[in-house]
Amino acid sequence: MSYKQGKFPIVEKRAIAKGMFDITICCPEIAKITQAGQFAQVAAKGFFLRRPISICQSDPERGTIRLVFEVRGNGTEKISGLNKGDCIDIIAPLGKGFTLKRGKRVVCVGGGIGNPPLLEVARFYGCKATMISGFRSAEVVLCTDDGSAGFHGFVTQPLEKLLQEKKTDVIYACGPMGMLKNIAMLAEKYNVKCEVSLEQRMACGIGACLVCACRTVKDSKEFMSHVCTDGPVFDSKEVVFDD
Amino acid sequence: MTKLNVNFCGLDFKNPIIPASGTFGYGREYEKFYSLSRLGGISVKGTTLNPRQGNPAPRVAETPSGMLNSVGLQNGGVDKFISYELPHLSKCDTRIIANIAGATAEECAEVAKKLNGQKVDMIELNISCPNVKQGGAAFGTNPCTAAEVTKAVRNATSIPLMVKLSPNVTDITEIAKAVEGAGADAVSLINTLLGMRIDINTGRPILKNNVGGLSGAAVFPIAVRMVWQVANAVKIPVCGMGGVCSGEDAIELMMAGATTVQVGAYNFQNPYACIDIIEQMEKWCKKHGVNDIKDIIGTVKPW
Ligand SMILES: Cc1cc2nc3c(=O)[nH]c(=O)nc-3n(C[C@H](O)[C@H](O)[C@H](O)COP(=O)(O)OP(=O)(O)OC[C@H]3O[C@@H](n4cnc5c(N)ncnc54)[C@H](O)[C@@H]3O)c2cc1C
Ligand SMILES: Cc1cc2nc3c(=O)[nH]c(=O)nc-3n(C[C@H](O)[C@H](O)[C@H](O)COP(=O)(O)O)c2cc1C
Ligand code: FES
């Protein structure tokens, strides 16, 4: 794993929904080596810790990466104040991304701000990928919890239907822990390989401080893994989901 | 050129800056940013006799100018440290400080014994962890238990021994004097201060462990005060730490009485923290006509 720290110019910024931003950063060396599902540790001026944000797209030719994030608190609010032309301080690319294998039939399941990180996965598989996007309430989506758009219900309902109807090789999921847990259960029920991208509070982001622990199991032995280096993407079978 | 090297417990450190235990792993992650040989030394992640899984997550909560952690000494155990981490670390031209901990004095001594003959320049004994035999209160909060564990480790090894003091005490100089009397070659301070944060929307503590250790810039003035008090109370050298985020901070701790300085949580914000700090110290010394960094140790002129 290789990563860099630096201050890089923001070359594009868009507000894509209320409190949701899409920024493109010019950092050719990072763009060249980023894989789908990896993340960046983003400095928020005036805050002690960096904020982990997924890299939802990397373009090695243009030398850019894209971060899409939601303002959830004071740190992300501060980051959202950066504009085109400003420099953003990041460490990237970090963590282990999704494993992609040509020729598979896959389904990507995103919840809220967990959707953008799946973009690159869907792009890789092209027409062999089905995307199920869940938002609490939004515009261009398949299902929302409150029924304001598309299908009213949780993403697991269309997912189960799909798994029953179509042979699926891999499920890729990113979103809130509760959603991931339910998807992991479906994956097990239908015996489909499933990769989930987890969130955990972080400090170093590179595997040195051990604060980002997550319970995992391998060969029926439970142990602590670290989301920043062993993840954020894990095989759902290896994750021990808390209640 | 300013001379940055210092003599600490009879060992020459090329400069006073040492990444603090638990914030730097075993150096592998930061080696991607710079050569570890540029550091005065490295204090590695706390090592116990047997592997430990640590506490459940979340283990970190941000605070104004700092953070709380409740890692709970997750580590692979001393045998793994010796077989897997040390061979790699000892290739670097820097001082290796093995930070050790245990639930009983015997356990600490056992870990120290295993390090005998290994390429370890110094042992840093962390006495902030709970002592199971004494009902769970930390060794470091009582002069008698602090002396007892220091003596046990002292008798187990000939490697220079530094004892790391907890700031969660009424009078830190009492503990410092106790471990000096028990044979410590140096003391390091401060470890983290016990703190707590609550998510007011859920009414739940942010840390799964409810409470955790505060570190980062927020604790710096406490570190300066305690280093100054301890340096005046004992004859053995002091390694200062707590909230250091710049070369000026490091110099301030040295003026308070520290011979070496550890840098912890600031590494998370700035992965080049230690290197930047070394360069800033050099610049400051040049600007202020200090030719030898040793000349500033303990030079504060109190009112
Ligand atoms: C690997 C990974 C990828 C992520 N990708 C994205 C993304 O692409 N887009 C996006 O909008 N969000 C993403 N998140 C969540 C994002 O990190 C948090 O929303 C953000 O840290 C909140 O910071 P804040 O200052 O606004 O909130 P505050 O609540 O003020 O933050 C306080 C502290 O808690 C931490 N924290 C709070 N919530 C979370 C959380 N859910 N996960 C991790 N740390 C948290 C903060 O980093 C900070 O240290 C990701 C998280 C992880 C771990
Ligand atoms: C994540 C984390 C883990 C730590 N682990 C240890 C440890 O294993 N042993 C130890 O003696 N101190 C440990 N510490 C304490 C630091 O070494 C240091 O004493 C403290 O953080 C104060 O310095 P700082 O403000 O520069 O971080 C840890 C600190 C942090 C932030
Ligand atoms: S955030 Fe430091 S180890 Fe993961």
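The values are calculated or read from the model by the stated rules, or taken from the named source; none is laboratory data. As the structure is a computational prediction, the values presented were derived from the model and not from experiment. Positions of Cβ are backbone-derived with ideal geometry, glycine not excepted, and every protein chain shown enters the neighbour counts. Side chains are part of the model used for accessible areas, which takes the heavy atoms of the whole protein and leaves out ligands, DNA and RNA. Shrake-Rupley method; radii C 1.70, N 1.55, O 1.52, S 1.80 Å.
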request  = Find the residue count for the stretch A:182-231, including only residues that are facing another protein chain (nearest Cβ under 8 Å), within 11 Å of ligand 1 (Cβ to nearest atom) and open to solvent by 70 Å² or more (accessible area, probe 1.4 Å).
outcome  = 1
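From the list B:259, B:202, which one is over 21 Å from residue B:66 (Cβ atoms), β-branched (Val, Ile, Thr) and more than 14 Å from every other protein chain (Cβ to nearest Cβ)? Before you say what the answer is, go through the steps one by one.
Values: B:202 fails: more than 14 Å from every other protein chain (Cβ to nearest Cβ).
Step by step, each of B:259, B:202 is checked, and only B:259 is over 21 Å from residue B:66 (Cβ atoms), β-branched (Val, Ile, Thr) and more than 14 Å from every other protein chain (Cβ to nearest Cβ).
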inquiry  = Test of understanding: among B:68, B:49, which residue is in contact with a Cys (Cβ under 9 Å, 6 or more places away or on another chain) and not in a helix (DSSP H, G or I)?
reply    = B:49
task = Looking at (1) open to solvent by 10 Å² or more (accessible area, probe 1.4 Å); (2) more than 18 Å from the chain's Cα centre (by Cα); (3) within 14 Å of chain A (Cβ to nearest Cβ), find the lone condition where residue B:72 falls short.
result = (2)
request  = Residue by residue through the stretch A:98-132, note down the ones that are within 13 Å of residue A:173 (Cβ to Cβ) and not aliphatic (A, V, I, L, M).
outcome  = A:98, A:108, A:110, A:111, A:112, A:114, A:115, A:117, A:130
request  = Just name the residue that is farthest from ligand 3 (Cβ to nearest atom) out of those in the stretch A:1-28 that are loosely packed, with under 13 Cβ neighbours inside 10 Å and within 14 Å of chain B (Cβ to nearest Cβ).
outcome  = A:7
message = Name the residue that is farthest from the chain's Cα centre (by Cα), counting only residues in the stretch B:45-66 that are among the β-branched types (Val, Ile, Thr) and within 9 Å of chain A (Cβ to nearest Cβ).
response = B:63
remark   = Among residues of the stretch B:1-31 being charged (D, E, K, R) and in contact with a Ser or Thr (Cβ under 9 Å, 6 or more places away or on another chain), the residue farthest from the other protein chains (Cβ to nearest Cβ) is B:14
ask   = Between residues in the stretch A:67-81 that are in contact (Cβ under 8 Å) with a residue 24 or more places away in the chain and within 16 Å of ligand 3 (Cβ to nearest atom) and residues that are open to solvent by 50 Å² or more (accessible area, probe 1.4 Å) and assigned to a loop (DSSP other than H, G, I, E, B), which pairs lie under 6 Å by C-beta distance while being six or more apart or on different chains?
value = A:75/A:47
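Looking only at the stretch B:32-44, how many residues end up being in contact (Cβ under 8 Å) with a residue 60 or more places away in the chain and either within 8 Å of another protein chain (Cβ to nearest Cβ) or under 23 Å from residue B:77 (Cβ atoms) (or both)? Let's see the steps before the verdict.
Going through the stretch B:32-44, the residues in contact (Cβ under 8 Å) with a residue 60 or more places away in the chain turn out to be B:33-34, B:38-41, B:43.
Filter once more, so that each one left must be either within 8 Å of another protein chain (Cβ to nearest Cβ) or under 23 Å from residue B:77 (Cβ atoms) (or both): B:33, B:41, B:43.
Residues in the stretch B:32-44 being in contact (Cβ under 8 Å) with a residue 60 or more places away in the chain and either within 8 Å of another protein chain (Cβ to nearest Cβ) or under 23 Å from residue B:77 (Cβ atoms) (or both): 3 in total.
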ask   = Which of (1) of a type in the set (A, V, I, L, M, F, W, C); (2) within 16 Å of ligand 3 (Cβ to nearest atom); (3) over 17 Å from residue B:218 (Cα atoms) is the odd one out, the single condition residue B:268 does not satisfy?
value = (3)
remark   = Considering residues that are modelled with pLDDT of 95 or more and among the charged types (D, E, K, R), the number found within the stretch B:120-147 is 2
note = Flagged in the stretch A:29-57 as in a loop (DSSP other than H, G, I, E, B), open to solvent by less than 30 Å² (accessible area, probe 1.4 Å) and within 10 Å of ligand 1 (Cβ to nearest atom), in numbering order, are A:37, A:38, A:44, A:48, A:49, A:50
ask   = Assuming residue B:221 fulfils every condition listed in (1) more than 14 Å from chain A (Cβ to nearest Cβ); (2) closer than 25 Å to residue B:195 by Cα; (3) under 13 Å from the mean Cα position of the chain (by Cα) apart from one, which condition is it?
value = (3)
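Considering the stretch B:28-57 alone, what residues qualify as being open to solvent by less than 10 Å² (accessible area, probe 1.4 Å), closer than 27 Å to residue A:225 by Cβ and either of a type in the set (Phe, Trp, Tyr) or within 14 Å of ligand 2 (Cβ to nearest atom) (or both)?
Narrowing the stretch B:28-57 to residues open to solvent by less than 10 Å² (accessible area, probe 1.4 Å): B:30, B:36, B:39-44, B:46-48.
Checking the rest, the ones that are also closer than 27 Å to residue A:225 by Cβ come to B:30, B:36, B:42-44, B:46-48.
Once the filter is applied, which keeps residues that are open to solvent by less than 10 Å² (accessible area, probe 1.4 Å), closer than 27 Å to residue A:225 by Cβ and either of a type in the set (Phe, Trp, Tyr) or within 14 Å of ligand 2 (Cβ to nearest atom) (or both), the stretch B:28-57 yields B:30, B:42, B:43, B:44, B:46, B:47, B:48.
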inquiry  = Scan the stretch B:79-95 and tell me whether some residue there is in contact with a Ser or Thr (Cβ under 6 Å, 6 or more places away or on another chain), touching a residue at least 60 places away in the same chain (Cβ under 8 Å), among the hydroxyl-bearing types (Ser, Thr, Tyr) and more than 14 Å from chain A (Cβ to nearest Cβ).
reply    = yes
ask   = Under 7 Å by Cβ, and 6 or more places apart or on different chains, what pairs join a residue from the stretch B:54-71 that is acidic (Asp, Glu) with one that is more than 13 Å from ligand 3 (Cβ to nearest atom)?
value = B:62/A:47; B:62/A:48
